[in-house]
1. Mind pulling the angle between the C-alpha long axis of helix 60-70 and the longest principal axis of the chain? Nearest 10 degrees, somewhere in 0 to 90.
2. Given a 1.4 angstrom probe, I'd like the percentage of the accessible area of the chain that is carbon and sulfur, rounded to a whole number.
3. Among 53, 161, 193, which one moves the most in a GNM of the chain with springs linking Cα atoms closer than 10 Å?
4. How tilted is helix 17-40 with respect to the longest principal axis of the chain? Cα atoms for both, answer in degrees (0 to 90, nearest 10).
5. Taking each pair of distinct Cα atoms in the range 133-183 once, what is the resulting Kirkwood hydrodynamic radius in Å?
6. Between residue 44 and residue 20, how many nm apart are label points set 7 Å from Cα along the C-beta direction?
7. For q values of 0.18 Å⁻¹, compute log₁₀ I(q)/I(0) with the Debye formula on a Cα-only model of the range 123-207, without solvent.
8. Taking only Cα atoms and a 10 Å spring cutoff, compute GNM fluctuations for the chain and point out the largest among 146, 176, 114.
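The values are calculated or read from the model by the stated rules, or taken from the named source; none is laboratory data. Fair warning: this is a prediction, and the values are worked out from it, not measured in the lab. Cβ: placed from backbone, ideal geometry, glycine included. Neighbour counts: every protein chain shown. Each accessible area value is taken on the protein alone, full model and side chains, heavy atoms only, with ligands, DNA and RNA left out. Shrake-Rupley method; radii C 1.70, N 1.55, O 1.52, S 1.80 Å.
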Amino acid sequence: FHPTVARLTYRTLLGSRRALILFALPALLLVIAVAVRALTGADDTTAKEILGGFALATLVPLIGVIAGTGAIGPEIDDGSVVYLLAKPVRRSTIVLTKLTVATGVTLVFSAVPVLVAGFILNGNSQQIAIAYATAAAIASVAYAAVFLLLGTITRHAVVIGLVYALVWESLFGNLVPGARTLSIQQWALALGGRLAPDSTLTSDVTL
């Protein structure tokens with residue numbers, strides 16, 4: 001872990017237009033949670049639909065795309081990565097530091113809001129809030145790693161990430177059962193489901 005690289009990466013992620021999206025998506029989730037709770041009251045089914053259908057299926061991968069690709073993509077685009085690689089710092093240290101930062105940002109802006117939204121929606125009835133927050137945390141680590149990898153090997157990492165997150169996970173994942181075995185969301189649900197009572201969280205892959 002290299003503190004200077006970490007500081008530069010945080011500045012890149014949180015000091016640009018990306019920060020607006022990073023703050024806007026969790027804020028939208030919390031606004032929806034408050035509105036639904038005020039209109040319908042505490043309901044486990046509604047909580048599962050919002051936390052699973054919107055938070056885990058859309059918010060978490062989008063945050064992962066922004067944090068993962070944003071941790072290294074801008075430096076590659078503007079050429080400043082050349083100066084970074086010229087420093088006496090091992091490339092593995094640079095990559096692992098950026099992965100740590102991307103993972104931390106994804107966790108803060110996805111898993112934490114999911115947990116708060118879960119408590120707002122149904123007060124953690126049947127451990128739904130904790131289970132979905134755990135699934136979001138696990139998915140955050142995987143998304144950050146995958147999208148950081150894409151950011152190092154292609155200039156089109158954001159496009160590919162959005163296609164995976166919105167088309168593969170949401171569209172093909174719902175239409176083609178076999179596609180779910182390559183879904184980060186389904187693996188995260190399988191792990192998060194261990195913290196909830198039977199049938200509360202379901203996944204198409206086994207633990």
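1. That works out to roughly 0 degrees.
2. On the way: 6900 of 10190 Å².
Answer for the chain: carbon and sulfur cover 68 percent of the accessible area.
3. Comparing 53, 161, 193 in a Gaussian network model of the chain, the most mobile one is 53.
4. Its long axis makes an angle of about 10 degrees.
5. Numbers: mean 1/r = 0.0856 Å⁻¹.
Computed over Cα pairs of the range 133-183, the Kirkwood hydrodynamic radius comes out at 11.7 Å.
6. 4.2 nm
7. Ignoring solvent entirely, the Cα scatterers give -0.80.
8. Among 146, 176, 114, the largest GNM mean-square fluctuation belongs to 176.
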